[in-house]
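Novice: Pasting a structure below so you can have a look.
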Amino acid sequence: MSIFEELQQAIIEGKAPVAKDLTDRGLKEGIKPHEFFPKAIIPAMDEVGRRMRDCEFFIPEVLIAARAARASTDILRPLLLGDEAVKPAGTVVIGTVKGDLHDIGKNIVAMMLESAGFRIVDLGVDVPAEKIVDAVKQHDANFVALSALLTTTMVNMKGIIEAIAAAGLRDKVKVLVGGAPLTDAWAHSIGADGYGKDAPGAVELARKLVPAA
């Protein structure tokens, strides 16, 4: 079994210390940092996503797999800074909307997007519209991902989209929304670019919406 296959298995099984050790070992053996993503991390998290969709994995398994992937990416990201050959798939400003303190779903989406090669700017929970607009400007983001788990807070997503438009940034960013009470039809009714039913769906949607180079 190759080191990439071992790393994939470690991530899928949620073995963060093993993933860290394999990444360190691979680097010492001369593997380039950017090789780990297409050959191990992305395929592993794609498999985790498949298992989640097929109800083979649930939130606890997805979380520990994502943390194992993070153990590897935390080592690799600093080594990729300034590497012109490695560009992120996109920069995503992500947060749970104002008034909502739920973060498990948002955290899973953020970790899976990062493992898929996106740069993540995580604003946390209870995020007001102006903070999201400022982050889009500061980080030159091309995606905004919004989460809400309450019917009383999901309505705040429309205000955020309007604030992005008022700042003259709407043509620059794709807005993705998700959360238990949402539907695809509702997401489009507020002007969002897409709705992710779950974390794998959010990753798939973001990939489809990546701006052409």
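Novice: In this structure, does Ala19 turn out to be crowded, with 20+ Cβ neighbours inside 10 Å, within 19 Å of Leu113 (Cβ to Cβ), in contact with a Ser or Thr (Cβ under 7 Å, 6 or more places away or on another chain) and of a type in the set (A, V, I, L, M, F, W, C)?
Specialist: When the stated conditions are applied, Ala19 passes them.
Novice: Being of a type in the set (Gly, Ala, Ser) and touching a Ser or Thr at 6+ places or on another chain (Cβ under 9 Å) is the filter; apply it to the range 106-133 and report the residue that is farthest from Gly95 (Cα to Cα).
Specialist: Ser115
Novice: Now, a different point. Out of (1) within 23 Å of Lys197 (Cβ to Cβ); (2) not assigned by TED's automatic domain parsing to the domain that holds Ile120, what's the single condition that is false for Glu35?
Specialist: Single failed check for Glu35: (1).
Novice: Here are the criteria: (1) buried (at least 22 other Cβ atoms within 10 Å of the Cβ); (2) without any contact (Cβ under 8 Å) to a residue 60 or more places away in the chain; (3) closer than 23 Å to Ala68 by Cα; (4) of a type in the set (A, V, I, L, M). Tell me which single one Ile104 does not satisfy.
Specialist: (1)
Novice: Among the residues of the range 180-189, are any crowded, with 18+ Cβ neighbours inside 10 Å and in contact with a Lys or Arg (Cβ under 8 Å, 6 or more places away or on another chain)?
Specialist: No.
Novice: Follow-up. Between Arg67, Arg50, which is surrounded by fewer than 16 Cβ atoms within 10 Å (Cβ to Cβ), among the basic types (Lys, Arg) and outside the structural domain of Ala166 (by TED's automatic domain parsing)?
Specialist: Arg50
This table checks each residue for (1) in a loop (DSSP other than H, G, I, E, B); (2) under 16 Å from Ala71 (Cα atoms).
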site: Phe4; (1), (2): no, yes
site: Gln9; (1), (2): no, yes
site: Lys20; (1), (2): no, yes
site: Gly26; (1), (2): no, yes
site: Ile31; (1), (2): yes, no
site: His34; (1), (2): no, yes
site: Phe37; (1), (2): no, yes
site: Ala40; (1), (2): no, yes
site: Gly49; (1), (2): no, no
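Novice: Mind listing whichever residues of the range 166-186 are in contact (Cβ under 8 Å) with a residue 24 or more places away in the chain and aliphatic (A, V, I, L, M)?
Specialist: Correct list: Ala167, Leu169, Val173, Val175, Leu176, Val177, Ala180, Leu182.
Novice: Among the candidates Ile41, Ile3, single out the residue that is touching a Gly at 6+ places or on another chain (Cβ under 9 Å) and either buried (at least 23 other Cβ atoms within 10 Å of the Cβ) or within 27 Å of Leu149 (Cβ to Cβ) (or both).
Specialist: Being touching a Gly at 6+ places or on another chain (Cβ under 9 Å) and either buried (at least 23 other Cβ atoms within 10 Å of the Cβ) or within 27 Å of Leu149 (Cβ to Cβ) (or both) holds for just one of Ile41, Ile3, which is Ile41.
Novice: Could you pull out the residue among Arg77, Arg67 that is free of Cβ contacts under 8 Å to residues at least 24 places away in the same chain and out of contact with any His (no Cβ under 8 Å at 6 or more places or on another chain)?
Specialist: So the residue among Arg77, Arg67 that is free of Cβ contacts under 8 Å to residues at least 24 places away in the same chain and out of contact with any His (no Cβ under 8 Å at 6 or more places or on another chain) is Arg77.
The values are calculated or read from the model by the stated rules, or taken from the named source; none is laboratory data. These figures come from a predicted structure and were not determined experimentally. FYI the Cβ positions are ideal-geometry reconstructions off the backbone, even for glycines, and counts take in every protein chain you see.
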